[in-house]
Amino acid sequence: MTNQFPGHYKPSLSDHWNDLCIDQVKVSIYNGGQEKAYITFNAVGADKNSWFTADRIIDSSYTDIRNAPKELFSLMGDVTSGREFTMNSHSTGNCDTYGWMMVATQSGCSFEASAGNKPAFLYSPGQTALHWGQATASGDVFAITAHGNCGASLQSTQQTGFTQMSRACIYKGKIYSQGDHWTDGCEYNCTCVDETTGRYNCVNLCATFTNLPQGCTLVKKPGECCALPDCGNYTLPGSGQGSGFCYYKGQMHGQG
């Protein structure tokens, strides 16, 4: 968790909230690769926009945050001041504010202006809320991490180090690594092509037969997925051959 990457990073798995069975989300501020402050939320029953609420806090580096009064606790924050992921306790004015963490996008107050480039990741360096104008600290990384818990069905397909890698193909709630193959019933045969982008490729499991000769039908035998042409006693025109044949792109061919 360093600031060597000069921008925002969002793994492709974050677009599959419902498939990952996320039960906890953690917000952290880092500086120099060290975690300086964090809050963990209970994400069960929430979606990717509703987990950030004060009543979902289950753990934090701040000892007072669960029981202290909260004037504004919002992912969207205050649009007028440009403060996002706002965790404020109380205030008597825009700059006379107490809180725990925030992302500042403007320089309306002295403590925001002194933080330098925006967005700035501000936090209380102690274990309780502080007045933002007094001893406010700033981090170089603002991180949102999540923990998934889909039970045994997910564990059977989850690879070692999955939560750290955040790279996989997701298909109908299951997670696959690059090069993995799987089938979807009798419909598709799939391959995880590129786990860094989540791209997979699925092709029809069964061959498609068109232009069958008159008297031929597609028959699926018990216990098999794919239907195959059944032409009974069909005889290839001009060959006198019957029953055994090969069918390819609408054409019938006798053995040999």
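The values are calculated or read from the model by the stated rules, or taken from the named source; none is laboratory data. Everything quoted here is computed from the prediction, not taken from an experiment. Quick reminder, even Gly has a Cβ in these numbers, built from the backbone with ideal geometry, and neighbours come from all protein chains shown.
Filter the stretch 34-59 down to residues that are touching a residue at least 40 places away in the same chain (Cβ under 8 Å) and within 18 Å of residue 121 (Cβ to Cβ) and give me whichever is surrounded by the fewest Cβ atoms within 10 Å (Cβ to Cβ).
The initial filter retains those residues of the stretch 34-59 that are touching a residue at least 40 places away in the same chain (Cβ under 8 Å), namely 36-37, 39, 43.
Next cut, within 18 Å of residue 121 (Cβ to Cβ) only: 36-37, 39.
Details: 36: 20, 37: 25, 39: 24.
The selected residue is 36.
Being surrounded by fewer than 16 Cβ atoms within 10 Å (Cβ to Cβ) and under 16 Å from residue 37 (Cβ atoms) is the filter here, so list the residues in the stretch 60-93 that pass it.
63, 64, 66
Among the residues of the stretch 206-256, which ones are modelled with pLDDT under 80, in contact with a strand residue (DSSP E or B) (Cβ under 6 Å, 6 or more places away or on another chain) and surrounded by fewer than 12 Cβ atoms within 10 Å (Cβ to Cβ)?
Result: 233, 246.
May I ask you to verify whether residue 80 is on the phi < 0 side of the Ramachandran plot, part of a loop (DSSP other than H, G, I, E, B) and of a type in the set (Val, Ile, Thr)? I'd like the intermediate steps shown before the answer.
Working: on the phi < 0 side of the Ramachandran plot: yes; part of a loop (DSSP other than H, G, I, E, B): yes; of a type in the set (Val, Ile, Thr): yes.
Yes; evaluated as a whole, the condition is true for this residue.
Are any residues in the stretch 124-150 over 31 Å from the mean Cα position of the chain (by Cα), crowded, with 16+ Cβ neighbours inside 10 Å and of a type outside the set (Phe, Trp, Tyr), and if so, which ones?
Those that are over 31 Å from the mean Cα position of the chain (by Cα), crowded, with 16+ Cβ neighbours inside 10 Å and of a type outside the set (Phe, Trp, Tyr): 129, 130, 131, 136.
Yes/no per residue for (1) of a type in the set (Val, Ile, Thr); (2) modelled with pLDDT of 95 or more; (3) assigned by TED's automatic domain parsing to the domain that holds residue 130; (4) farther than 21 Å from residue 24 by Cβ:
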position: 66; (1), (2), (3), (4): no, no, yes, no
position: 80; (1), (2), (3), (4): yes, no, yes, yes
position: 89; (1), (2), (3), (4): no, no, yes, yes
position: 92; (1), (2), (3), (4): yes, no, yes, yes
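For the stretch 122-149, how many residues are part of a loop (DSSP other than H, G, I, E, B) and either in contact with a Lys or Arg (Cβ under 8 Å, 6 or more places away or on another chain) or more than 17 Å from residue 96 (Cβ to Cβ) (or both)? Break it down stepwise before answering.
Within the stretch 122-149, the first condition is being part of a loop (DSSP other than H, G, I, E, B), and the residues that meet it are 124-129, 132-136, 140, 149.
From what is left, the residues that are either in contact with a Lys or Arg (Cβ under 8 Å, 6 or more places away or on another chain) or more than 17 Å from residue 96 (Cβ to Cβ) (or both) are 125-128, 140, 149.
Going through the stretch 122-149 one residue at a time, the tally reaches 6.
May I ask you to say which residue of 93, 45 is in a loop (DSSP other than H, G, I, E, B) and either under 18 Å from residue 149 (Cα atoms) or touching a Pro at 6+ places or on another chain (Cβ under 6 Å) (or both)?
On the way: 93 fails: either under 18 Å from residue 149 (Cα atoms) or touching a Pro at 6+ places or on another chain (Cβ under 6 Å) (or both).
Going through 93, 45 in turn, the sole match is 45.
For the stretch 67-88, what are the residues that are touching a residue at least 12 places away in the same chain (Cβ under 8 Å) and either within 28 Å of the chain's Cα centre (by Cα) or closer than 13 Å to residue 123 by Cα (or both)? I'd like the intermediate steps shown before the answer.
Of the stretch 67-88, the ones touching a residue at least 12 places away in the same chain (Cβ under 8 Å) are 68-75, 77, 81-88.
Listed by number, the residues that qualify are 72, 73, 74, 75, 77, 82, 83, 84, 85, 86, 87, 88.
Restricting the search to the stretch 111-125, which residues are in contact (Cβ under 8 Å) with a residue 24 or more places away in the chain and of a type in the set (Gly, Ala, Ser)?
124 - this is the single residue of the stretch 111-125 that is in contact (Cβ under 8 Å) with a residue 24 or more places away in the chain and of a type in the set (Gly, Ala, Ser).
If I filter the stretch 96-116 down to residues being more than 32 Å from the chain's Cα centre (by Cα) and in a loop (DSSP other than H, G, I, E, B), which single residue comes out as surrounded by the most Cβ atoms within 10 Å (Cβ to Cβ)?
Checking each candidate, the answer is 109.
Would a scan of the stretch 190-199 turn up a residue that is exposed (fewer than 11 other Cβ atoms within 10 Å of the Cβ) and either in contact with a Gly (Cβ under 8 Å, 6 or more places away or on another chain) or modelled with pLDDT of 85 or more (or both)?
From the stretch 190-199, those exposed (fewer than 11 other Cβ atoms within 10 Å of the Cβ) are 197; that's our starting set.
Now drop any that are not either in contact with a Gly (Cβ under 8 Å, 6 or more places away or on another chain) or modelled with pLDDT of 85 or more (or both), which leaves none.
No, that holds for no residue.
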